[in-house]
Amino acid sequence: MKYLMAGLLALLCGFFLADFLFRQQASEVKTPGNIPFDHALHGDSIGLDCSHCHTGVTYQAHAYLPSKTDCMDCHRLPLTENPGIEKLDSALSRAEEFPWVHKRVLPEHVVFHHGLHFAAGVQCSDCHGSTEKIQKNRYGGERFTMQSCLDCHSGKTFEGRGFKKAAIHCGACHR
Amino acid sequence: MDRREFIKACSVVALMQVLWGCRRLPDLSGGKVPEIAEFEKEVRLALSRAKGAFDLVQVPMPGPLDVHGASPVNRFGMAIDLDACDGCGKCILACMQENNIPLSSKGERDAGRFMHWIEMHGGTPAMCFHCGNAPCEKVCPTGAASHTPDGLSTMMYKRCTGSRFCGANCPVGARKFNYVDSVKEGLARKFNPEVPLRSKGVMEKCSLCLQRLQDHKHAQMATRPGVEWRGSGLKTACSEACPKNAIIFGNWLDQESPLVQEAKHRNLYVPREIANLDPSVVYMRGRR
Ligand code: SF4
Ligand code: SF4
């Protein structure tokens with residue numbers, strides 16, 4: 001009896017262990033040649049405005065990612081002798097196989113309109129952090145909570161910036 | 001079995017249950033999504049099983065909301081033209097597609113129960129009347145049912161814990177409860193990516209197409225920040241779909257609004273049960 005119990009137990013434990021270890025994992029994202037993008041370099045050093053690449057940010061709900069051909073608008077200019085251009089070109093030729101993978105962090109029952117915040121005078125860095133931070137924190141989305149929205153909407157976060165108080169009733173941002 | 005063994009066995013069982021609870025569940029839905037024809041069929045069935053007519057009483061034109069924090073410039077609502085409506089039910093289908101309303105299971109359908117946010121009462125379409133003094137919101141224990149300053153009775157699905165007090169307190173039965181997981185049962189179709197699907201155990205009802213109002217407002221605030229938003233030019237899905245133009249959406253506080261323009265020449269009515277609850281949606285009939 002004792003052995004039977006022990007055997008059953010081991011079997012069960014085995015099942016659970018197998019389930020935890022071998023269940024289907026989220027698949028890895030593949031990128032060609034791993035081309036790094038440095039927000040700090042493009043933003044602060046060159047002085048590009050965020051909206052140059054994230055074109056929706058000033059007037060649309062979504063900020064959007066640029067088309068990869070847009071990178072070449074600048075990079076193909078004879079600015080430097082940088083051998084990196086070749087690498088970019090070869091990556092671009094295969095761009096279709098590697099579409100932008102954009103993971104939506106905002107849940108679907110929450111509405112956020114970039115353009116309206118821009119019109120109200122909110123800077124990109126107010127929420128997303130400086131360009132260095134963006135680099136480190138993977139665009140900052142993970143740090144947003146409803147509390148951080150509410151703090152700003154009720155006038156706490158940027159006292160002295162002269163923002164108008166914003167709506168805090170549920171239906172303003174949720175659906 | 002002695003005491004020690006018993007306790008050991010109990011702990012093992014408890015541990016197993018914890019592990020079982022933590023595992024990742026496979027998706028059993030099989031990904032079945034109903035065809036559009038099934039929604040059309042369900043609307044036809046609902047039309048054939050219309051509920052009894054309301055006892056209508058005349059009311060004055062809705063004015064500003066009588067609640068703390070109400071907007072002095074916006075109060076959205078609708079007027080349903082009883083002289084124009086022929087009961088075709090196109091509004092019901094349009095609402096289902098705009099708001100991703102699920103089909104009902106066969107048993108529910110046979111019993112005449114549907115998830116539709118618009119239902120026929122004696123040949124007259126009826127949705128939530130968005131009472132200014134809403135009895136459903138007063139009994140919500142979590143604050144999931146709440147009012148916006150511009151007159152919408154809204155549902156925050158993620159806050160809803162399914163007490164169903166609101167449904168019990170609605171005098172006209174406008175609220176619908178998700179008894180089943182409609183996605184898993186293959187009853188839901190995401191027609192509109194802008195509207196989240198509701199999960200099991202959540203109450204829902206006409207939102208006055210809240211998503212359309214939000215998007216319209218945000219777009220205007222982004223592109224014309226100095227201009228006060230009055231929702232002009234906006235239509236709800238049902239009013240847009242009506243071939244007889246029998247559902248007029250608008251802003252009760254905006255004299256330019258098509259709603260006010262039309263309603264001021266008509267006699268306005270609401271069901272007797274909610275006549276003193278200051279509804280934002282009314283019926284209109286006759287000319288003055
Ligand atoms: S679509 Fe228009 S005419 Fe048809 S039932 Fe609805 S309100 Fe009446
Ligand atoms: S206003 Fe929108 S949610 Fe309400 S009944 Fe009409 S279509 Fe449905």
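The values are calculated or read from the model by the stated rules, or taken from the named source; none is laboratory data. Just so we're clear, the structure is a prediction, and the values are computed from it rather than from any experiment. Every residue, glycine as well, gets a Cβ built from its backbone with ideal geometry; the counts of neighbours run over all protein chains shown.
Of B:Ser207, B:Ser199, all but one fail to be within 13 Å of chain A (Cβ to nearest Cβ), surrounded by 22 or more Cβ atoms within 10 Å (Cβ to Cβ) and either within 11 Å of ligand 2 (Cβ to nearest atom) or farther than 26 Å from B:His121 by Cα (or both); the exception is B:Ser207. Residues that are within 14 Å of chain A (Cβ to nearest Cβ) and more than 15 Å from ligand 1 (Cβ to nearest atom) occur in region B:76-86; there is at least one. Among the residues here, B:Lys41 qualifies as within 22 Å of the chain's Cα centre (by Cα) and in a helix (DSSP H, G or I).
Would you pick out the residues in region B:238-267 that are within 16 Å of ligand 1 (Cβ to nearest atom) and in a strand (DSSP E or B)? Once the filter is applied, which keeps residues that are within 16 Å of ligand 1 (Cβ to nearest atom) and in a strand (DSSP E or B), region B:238-267 yields B:Ile247, B:Ile248, B:Phe249, B:Gly250.
Does B:Gly87 meet the test of being within 25 Å of B:Ile248 (Cα to Cα) and away from ligand 2 (no atom under 16 Å from the Cβ)? Taking the combined requirement at face value, the residue does not satisfy it.
Looking at region A:155-175, I want the residues that are within 10 Å of chain B (Cβ to nearest Cβ) and have a partner that is surrounded by 17 or more Cβ atoms within 10 Å (Cβ to Cβ) and β-branched (Val, Ile, Thr) with Cβ atoms under 6 Å, at least 6 apart or on another chain. Which pairs are those? Note: pairs meeting the criteria are A:His169/B:Thr148; A:Gly171/B:Thr148; A:Gly171/B:Thr154; A:Cys173/A:Val111. The set of residues in region B:268-288 being part of a strand (DSSP E or B), of a type in the set (A, V, I, L, M, F, W, C) and more than 12 Å from ligand 2 (Cβ to nearest atom) consists of B:Leu268, B:Val270, B:Val282, B:Met284.
Looking at B:Glu119, B:Glu98, B:Glu40, which one is within 16 Å of ligand 1 (Cβ to nearest atom), modelled with pLDDT of 95 or more and within 14 Å of chain A (Cβ to nearest Cβ)?
B:Glu98
Scan region A:55-113 residue by residue and report those that are loosely packed, with under 11 Cβ neighbours inside 10 Å and either among the polar types (S, T, N, Q) or within 14 Å of chain B (Cβ to nearest Cβ) (or both). Those that are loosely packed, with under 11 Cβ neighbours inside 10 Å and either among the polar types (S, T, N, Q) or within 14 Å of chain B (Cβ to nearest Cβ) (or both): A:Thr69, A:Thr80, A:Asn82, A:Ser93, A:Arg104, A:Pro107.
For region B:153-206, what are the residues that are in contact with a Cys (Cβ under 6 Å, 6 or more places away or on another chain) and in a helix (DSSP H, G or I)? Listed by number, the residues that qualify are B:Cys166, B:Asn169. Number of residues in region B:156-191 that are small (Gly, Ala, Ser), in contact with a Pro (Cβ under 9 Å, 6 or more places away or on another chain) and farther than 12 Å from B:Cys136 by Cβ: the value is 3.
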